[in-house]
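The values are calculated or read from the model by the stated rules, or taken from the named source; none is laboratory data. Keep in mind it's a predicted model, so treat the numbers as computed, not measured. In this analysis, Cβ positions are derived from the backbone assuming ideal geometry, glycine residues included, and neighbour counts consider all displayed protein chains. SASA here: full protein model, heavy atoms, side chains in, ligands and nucleic acids out. Shrake-Rupley method; radii C 1.70, N 1.55, O 1.52, S 1.80 Å.
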Amino acid sequence: MLPRRLTPDPYRPVGSMIEDLRPHPVVQTVLRRGSEGSRPGARSDGRRVVLVIEGGGMRGVVSAGMTAAIEQLGLLDAFDEVHGASAGAFNAAFLLAGQAGYLATLYQHGFGDPRFVSISRALRGGPALDLDYVIDHVWTRQRPLRFEAIISSEIALHCTATDADRASIVDLSDLTTEEQIRGALRGSGRLPWLAGPPVEFRGMRLLDATLAEAIPVQAASCTATDMLVLQTRPHGVAHTPLSTVVARLTDRYLRAINPALIELRQTRSERYDMLADTLAGQMSDPDHSPGVCVVRPPAGSAVVGQLENRAPVLRAGACLGFRAAWMALTGEDPELLATLRAYPVRSAGAPTTDADPGGRARPVDDDAGDAAAAKLLESLQGGGG
């Protein structure tokens, strides 16, 4: 019997990367620090270089690919702070843990477990997107995030979120314990109505960062002399507003928490596009302080949806981000190949069963319709995020 046709190579490049950013002063500072072996906490150049990471739900796989390139190039130590919003906060945490490439792969599997999306759970009164399960269970037991590496790092982790009571962006920093890091990640990624009620953290009620600021530059610009910004939307792609149905559902949810949040939702697309244009202008201004350099996919690239669940699309998004960052920092469009890589177990004897951090069994959602339902959510969402 003849064998079935083999699967095409998904890592063969589509299109070409052309944006070589090595002449930009911010990139020159990053590369100089890398070549000199400069270490965070022991600088002598008087600069404070900040990495700023956009998320956007599952579109965060693009900036995850970018952080994987930074990790592979050995340039993490060139930064003094890393700021992330929503999924960008997840990417920031895994980068500081030395696991950026690890997370870029986990996106294809629902950050490590596809059960994090479940319409049947939502019909029972739970969240459609259970990021608490991912952060507190998957990333502690199944696919563990090395929290101890983040805590011991000299590079400061900043997670932004929307303060629901003040209807404004808030910078979550000074994260010194695993519990604090998990709380900040939960707050930064708590999508309105899809992911459950606001997260209680340090006396605040927190919602997804992108409601107030999708690209976390506000806090970063207060301390930075140089900012390298990782954006997930390609050049020329504007922010897409929520569909009418989802906008109404979201506003109903927000009104019950704080009516002032509705204006944030209504102006989000306009504010995002204005910020993207502002960053582009600052990037071309050599005298702007702080210096700003933006890495983003080239014009014409495919746009990954906020609720994308197809593994080939997410894998392609990670490759796109990786290639864009590699080209920006080395001047070379790299050849990519999937290879197996071992990650040492965090600690011998660490449990890997389906129990939550408290040891209780976690209910399993086995709903064959959830994948299709997730696609329906994406169509309702209209791409906003």
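Hey, among 217, 229, which residue is outside any helix (DSSP H, G or I), open to solvent by less than 10 Å² (accessible area, probe 1.4 Å) and at pLDDT 95 or above?
On the way: 217 fails: open to solvent by less than 10 Å² (accessible area, probe 1.4 Å).
Only one candidate qualifies: 229.
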Report summary line: Among (1) modelled with pLDDT of 95 or more; (2) open to solvent by less than 40 Å² (accessible area, probe 1.4 Å); (3) more than 22 Å from the chain's Cα centre (by Cα), residue 285 falls short only on (2)
Query - Tabulated pairs, the range 147-166, first in contact (Cβ under 8 Å) with a residue 24 or more places away in the chain and at negative phi, second surrounded by 24 or more Cβ atoms within 10 Å (Cβ to Cβ) and basic (Lys, Arg), C-beta under 8 angstrom, 6+ apart or interchain - result: 161/190
Query raised in the report: Has the range 104-111 got any residue that is in contact with a helix residue (DSSP H, G or I) (Cβ under 6 Å, 6 or more places away or on another chain), closer than 18 Å to residue 180 by Cβ, among the aliphatic types (A, V, I, L, M) and open to solvent by less than 30 Å² (accessible area, probe 1.4 Å)?
Result: no
Query raised in the report: Right, residue 295: open to solvent by 40 Å² or more (accessible area, probe 1.4 Å) and either touching a helix residue (DSSP H, G or I) at 6+ places or on another chain (Cβ under 6 Å) or not acidic (Asp, Glu) (or both) or not?
Result: no
**Report entry** the range 1-31: number of residues that are in a loop (DSSP other than H, G, I, E, B), modelled with pLDDT of 90 or more, more than 28 Å from residue 312 (Cα to Cα) and open to solvent by 60 Å² or more (accessible area, probe 1.4 Å)
**Finding:** 2
Query raised in the report: Under 8 Å by Cβ, and 6 or more places apart or on different chains, what pairs join a residue from the range 100-123 that is under 15 Å from residue 134 (Cα atoms) with one that is assigned to a helix (DSSP H, G or I) and among the acidic types (Asp, Glu)?
Result: 114/370; 117/370; 118/370
Query raised in the report: If you go through the range 307-330 one residue at a time, do you hit one that is under 22 Å from residue 273 (Cβ atoms), assigned to a loop (DSSP other than H, G, I, E, B), open to solvent by less than 80 Å² (accessible area, probe 1.4 Å) and modelled with pLDDT of 50 or more?
Result: yes
